[in-house]
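The values are calculated or read from the model by the stated rules, or taken from the named source; none is laboratory data. None of the values given here were measured: they were computed from a predicted structure. Cβ: placed from backbone, ideal geometry, glycine included. Neighbour counts: every protein chain shown. Surface accessibility is based on the protein's heavy atoms, side chains included, excluding ligands, DNA and RNA. Shrake-Rupley method; radii C 1.70, N 1.55, O 1.52, S 1.80 Å.
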Amino acid sequence: MAEGSSIESISHEQRRFVPPKDFAAAAHIRSIEDYEEQYKRSLADPDGFWAEVAADSHFFRKWDRVLQWDPPFAKWFVGATTNVSFNCLDLQLQRGRGDQTAILWEGEPVDAQGRPRDVQRITYRELHRRVCRFANALKSIGVRKGDRVTIYMPMIPELAVAMLACARIGAPHSVVFGGFSATAIVDRVNDAESHVVITADGGWRRGAIVPLKATVDEAAQASPLIRTVVVARRCGQEIAMQPGRDVWWHDIEQGASDDCPAEPLDAEHMLFLLYTSGSTGKPKGILHTTAGYMVFTAYTARLVFDLKPDDVYWCTADIGWITGHSYVVYGILQNGVTTLMYEGAPNFPEWDRFWSIIERHRVTKFYTAPTAIRAFMKQGPQWPNRRDLSSLKLLGTVGEPINPEAWMWYHAHIGTQRCPIVDTWWQTETGGILISPLPGATPTKPGSATRPLFGVDAAILDKSGQEQPANSGGYLCIRRPWPGMLRGIYGDEARFRRQYWSEIPGVYFTGDGARRDADGYFWIMGRVDDVIKVSGHRLGTAEIESVFVAHPKVAEAAVVGFPDEITGEAIAAFITLKTGIAPSPSIKDELSRHVAHTVGAIARPKVIRFTDALPKTRSGKIMRRLLRELATKGTVEGDTTTLEDFGSIARLREEES
Ligand code: PRX
């Protein structure tokens, strides 16, 4: 945990927005009284509550018990068998949704008139057929129930097809974000012991091809575990195919049958691993299982986005993050609505691309990240103003705290003051949204994720587990299990216990600092550990430090986050070079490229500073607090009494001026 345990809040937001009357009248939850009553009931009888919710899903065999809680291990819907792919597809066909568009996809390239070159509308019936075929194709190359399959793809429909095909046959997937490097693929493949990688020749981003297959080639050089690489054709450029290892998606699909009944899987069968950064160097494989995740994502999606059959819902997150797993694919398809996927950048070819997509496809529900909103805000309202956004009914945000200014801009210029905004708080670990307004019920306050969803017992505690009074900062914790919760860190039970269940014994520790106001609204203040959020993406300082130190010219490195107008936080790196190596702008460039190449472009530091010594305590701990202060304010005013070498700070300060 960060040094200095007092958490102070500086936000004093007073504005309140009540749900629009017509929206509330038609919503799943229509008033705050309704919310409160159901919330109470969900905590008074959680088993009864979740059994009722799960009745909306399809099970091959019903559960014997709703929850078996043996802290910190939870099993949900014990004894049941089900299949998430079945619930996303077959169940929708049974409900008469076969002709409904399941995936509405838009590729990035545009023609001379600025119209998208590639648009696909895939109905539930067609998606079902494509998933079955590809599931059979996976079987034909030897993928079996329980095998971990790595997926490294652009935002194209095949990505969702691959996930649903894995889920159908019980092969857990591990999706690696397409912006990550070969090293990141290797680490994840090795940790998951995965022999199959599904990729594409490339994907379009800002008018250029991201050469995904070439990156997988580099990874396969470094990891002998990779035996088979399945390649979807997207960009059509010339790529190298290694005989015996690489196969084309369309080739293995040739002759594969359209008939592939979904495998009845145990409720706790592993659905996927998703790697995320923590406060130590190595990304951890967050493990999610079948039934609880399925029920939780379907339910939270329905309530928070107030999904209705004719919705065209668009979440802009890449599927490589948890937001894409839960609220582009699984939670949304289970509701039988249309999920929109866009391949490319928000500013290609111009800054109105998102707004043109909303106009073109009559998007009704739109879910994006504060960092994107701030970037749009900087470009000015003329971009959204020239588009017809009247189809929008609801807006959402996720990934980091949204500053009230960005919230107000979103409300005014995208929601045109009509649309409720849901600021949704959750994590890779939580599987789905835990704290959020219900759009027809909860009055919102800009910058607050408001109140916990049903069944979620969120509290602000101090280190001893004492609940904090209103408006006092503390640690955001969850005191009871919920169906979407992680079941572990793959292969590392000790880390699972230590990271989430030991800081404050007996409760789930989120790693976030927060306060709750007198109305019971949660205000998230950010991480209290060494995790930083750059554009809403989670990066561990220790992870980036170890990448720096792996460079032959670097002796020591300390990485901290500091506030940035657009990305929320940015990375500052303080570097001590090896003896005899002189700091220079070219070394800065070299190190910056090294980090981008090893981790991915999102980890590129904004600032690199050289120092002959890092500020440390007498026991040798790097004083990140001082470095954060230096990166933020350019000076250090805080307490330096435990600092070993005062000169180190003075020298860093001099370098700045
Ligand atoms: O610090 C919180 C922040 O994002 C962290 C989780 O990151 P990740 O696992 O990458 O998942 C992001 C998408 C679900 C949290 O610990 N966070 C997420 N949503 C919010 C948020 N902070 C403030 N407000 C939010 N709405």
Candidates Val549, Val528, filtered to the one that is surrounded by fewer than 24 Cβ atoms within 10 Å (Cβ to Cβ) and either in contact (Cβ under 8 Å) with a residue 60 or more places away in the chain or of a type in the set (Lys, Arg) (or both): Val528
Criterion: within 16 Å of the ligand (Cβ to nearest atom) and among the small types (Gly, Ala, Ser) - qualifying residue of Gly520, Gly561, Gly580: Gly561
Criterion (touching a residue at least 12 places away in the same chain (Cβ under 8 Å), under 30 Å from Val189 (Cα atoms), part of a loop (DSSP other than H, G, I, E, B) and open to solvent by less than 50 Å² (accessible area, probe 1.4 Å)) met by exactly one of Gly465, Gly432, Gly455: Gly432
Qualifying residue in the range 382-398 (condition: open to solvent by less than 10 Å² (accessible area, probe 1.4 Å) and under 21 Å from Ala458 (Cα atoms)): yes
Elements of type strands (runs of 3 or more DSSP E) in the range 125-220, at least 3 residues being within 25 Å of Ala267 (Cβ to Cβ) and touching a residue at least 60 places away in the same chain (Cβ under 8 Å): 173-175
Close pairs from the range 616-633: first in a strand (DSSP E or B), partner of a type in the set (A, V, I, L, M) and surrounded by 20 or more Cβ atoms within 10 Å (Cβ to Cβ), Cβ under 9 Å, at least 6 apart: Lys616/Met623; Thr617/Met623; Ile622/Ala558; Ile622/Leu614
Tally, over the range 215-232, of residues that are within 26 Å of the chain's Cα centre (by Cα) and open to solvent by 50 Å² or more (accessible area, probe 1.4 Å): 1
Matching residues, the range 392-444, being of a type in the set (Val, Ile, Thr) and within 16 Å of the ligand (Cβ to nearest atom): Thr397, Val398, Ile402, Ile421, Val422, Thr424, Thr428, Thr430, Ile433, Ile435, Thr442, Thr444
Failed item in (1) open to solvent by 50 Å² or more (accessible area, probe 1.4 Å); (2) more than 23 Å from the chain's Cα centre (by Cα); (3) farther than 15 Å from Lys606 by Cβ, with Lys588 passing the rest: (3)
Candidate set: the range 326-377, residues that are outside any helix (DSSP H, G or I) and among the aliphatic types (A, V, I, L, M); chosen: the one nearest to the ligand (Cβ to nearest atom): Ala369
The lone exception for Gly513 - which of (1) within 14 Å of the ligand (Cβ to nearest atom); (2) over 22 Å from the mean Cα position of the chain (by Cα); (3) open to solvent by less than 20 Å² (accessible area, probe 1.4 Å) it fails: (2)
The range 378-391 - residue that is assigned to a helix (DSSP H, G or I) and among the polar types (S, T, N, Q) and, of those, nearest to the ligand (Cβ to nearest atom): Gln379
Number of the exception - Gly440 against (1) touching a His at 6+ places or on another chain (Cβ under 9 Å); (2) not in a loop (DSSP other than H, G, I, E, B): (2)
Where a residue in the range 231-248 is touching a residue at least 24 places away in the same chain (Cβ under 8 Å) and its partner, wherever it lies, is open to solvent by 60 Å² or more (accessible area, probe 1.4 Å) and of a type in the set (D, E, K, R), with Cβ under 7 Å and at least six apart: Arg245/Arg227
Test: residue in the range 415-429 that is in a loop (DSSP other than H, G, I, E, B), out of contact with any Gly (no Cβ under 8 Å at 6 or more places or on another chain), of a type in the set (Val, Ile, Thr) and more than 19 Å from Val337 (Cβ to Cβ): yes
Residues satisfying the stated conditions in the range 315-362, i.e. touching a Ser or Thr at 6+ places or on another chain (Cβ under 6 Å) and surrounded by fewer than 23 Cβ atoms within 10 Å (Cβ to Cβ): Thr316, Ala317, Arg362
